C-alpha cells in the first residue's frame, strides 16, 4: 500500500504534467456544468423536479449569505463567489470518496522502484488545489474591501504611520491576511487527505463491511469542510467591507 503526500503524475498535455488530482477537479467541474445545464434548460415559473431541488439549494445559500451581510443588495455581490466555493469544494470532497478513487491505477517504475499510481485522487487531497482556492478567496476579500471602502482607507488597516502602535497593529493585520491563505489551504487539505488515508487503510484491512460507516463519516466531514471554507470567506468579506466603519 503506497501513500503519497503529493499528487501523482499520470500523463502530460503539451509538455505540462497532468496529475490524478487535476483530472478529478476537471471531472468535478464538468459534472457541475452538466448539472447546471440540465437544471436550467427548461426553467419554469413554478419549479418542479430537479429545478426545484437546485433552486432550494441556491435559495438556502443566498439566505445564509444575506444573514451574514445583512443587506440583500450587497449580498448579491458576494453570493456568486461564496456559492461557487461551497459547491466546488463539496463536489470535490464527495467525489473523492467514490469507490475506485485512489485505488484503481497502474504500476510504474520510478528510480528503480515499482510504485502504484492511482488514476484518480480527490482534488482537495492535493495542496495545490486547496492553495489555489485559498489564494482566490483571500484576493477576493481584499478586492471587495477596497471596492466597499476605498483603496486608501482600506490600506490604512495595514499601513498606518500615525504612531508606532498603529504601525505595529497594521503589520499584524498584514500578517493576519497572509496567514489566512495558509489557514484556508492547510485546513481543507489536512482534513480531506487524512480522510483519504483513513479510507485507504480501512479498505485495505477490512474491504467489505467495515468501511461503510467511515464513508458516511467522510460524507459528513466533506460537507462540514465546504461549509467552513465558504463561511470563513464570507465572514472575512463582511469584516473587510465593514472596516473602519
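No lab work stands behind these numbers, since they all come straight from the coordinates. The model shown is predicted, which means the values in this text are computed figures rather than measured ones. Note: ideal-geometry Cβ built from the backbone for every residue, glycine included; neighbour counts use all protein chains shown.
So what's the back-of-envelope 222 nm ellipticity for the chain, counting only DSSP H runs of four-plus at -39500 (n - 2.57) apiece and dividing by all residues, rounded to 500?
Value at 222 nm, helices only: -24000 deg cm²/dmol.
If you take the beta carbon distance between residue 26 and residue 172 as r and set R0 to 51 Å, what does 1/(1 + (r/R0)^6) give as a FRET efficiency, to the nearest 0.05?
Taking R0 as 51 Å, the efficiency between residue 26 and residue 172 is 0.80.
Could you put 184, 79, 53 in order, starting from the residue whose Cβ has the fewest other Cβ atoms within 10 Å?
If I rank by nearby Cβ atoms, fewest first, I get 53, 79, 184.
Order these by the 10 Å Cβ neighbour count, fewest first: 71, 126.
Ranked by crowding around the Cβ, least crowded first: 71, 126.
Under 8 Å for C-alpha pairs, at least 6 residues apart: give me the relative contact order for the chain, rounded to a whole percent.
RCO, the chain: 25 percent.
Mind pulling the angle between the C-alpha long axis of helix 164-205 and the longest principal axis of the chain? Nearest 10 degrees, somewhere in 0 to 90.
Between the helix axis and the principal axis of the chain, the angle is about 20 degrees.
Pull out the extension gain between residue 152 and residue 224, defined as 0.36 nm times the separation in residues minus the alpha carbon to alpha carbon distance; nm, one decimal.
Full-extension gain reported as 22.3 nm.
Using per-residue counts of other Cβ atoms within 10 Å, averaged over each peptide, order 156-164, 81-89 from highest down.
81-89, 156-164
Let me make sure I get this right: for the stretch 9-242, a, b and c are the square roots of the gyration tensor eigenvalues over alpha carbons, sorted descending. Under 1.5 in a/c it's rounded, otherwise prolate if a/b > b/c, else oblate. Which is it?
Oblate shape, in that a/c is at least 1.5 and b/c is the bigger or equal ratio.
Report, in degrees rounded to the nearest 10, the 0 to 90 angle that the Cα long axis of helix 127-149 makes with the longest principal axis of the chain.
The angle comes out near 20 degrees.
Under the 0.36 nm per residue contour assumption, what length would be gained going from the current alpha-carbon distance of residue 38 and residue 59 to full extension?
Working it through step by step, the gained length comes to 5.8 nm.
Please compute the length gained on full extension between residue 215 and residue 73, using 0.36 nm multiplied by the number of residues separating them and subtracting their Cα-Cα distance.
Extra length available between residue 215 and residue 73 comes to 47.2 nm.
Between the helical axis of 211-242 and the dominant principal axis of the chain, each derived from Cα atoms, what acute angle in degrees is found, rounded to the nearest 10?
The helix 211-242 is inclined about 20 degrees to the chain.
In what sequence, highest mean first, do 215-225, 115-125 appear when ranked by Cβ atoms within 10 angstrom?
So the order, starting with the most tightly packed, is 115-125, 215-225.
Which of the three applies to the stretch 34-96, rounded, prolate or oblate, going by the alpha-carbon gyration tensor with a ≥ b ≥ c and a/c under 1.5 meaning rounded?
It is oblate, given that a/c is not under 1.5 and a/b is not larger than b/c.
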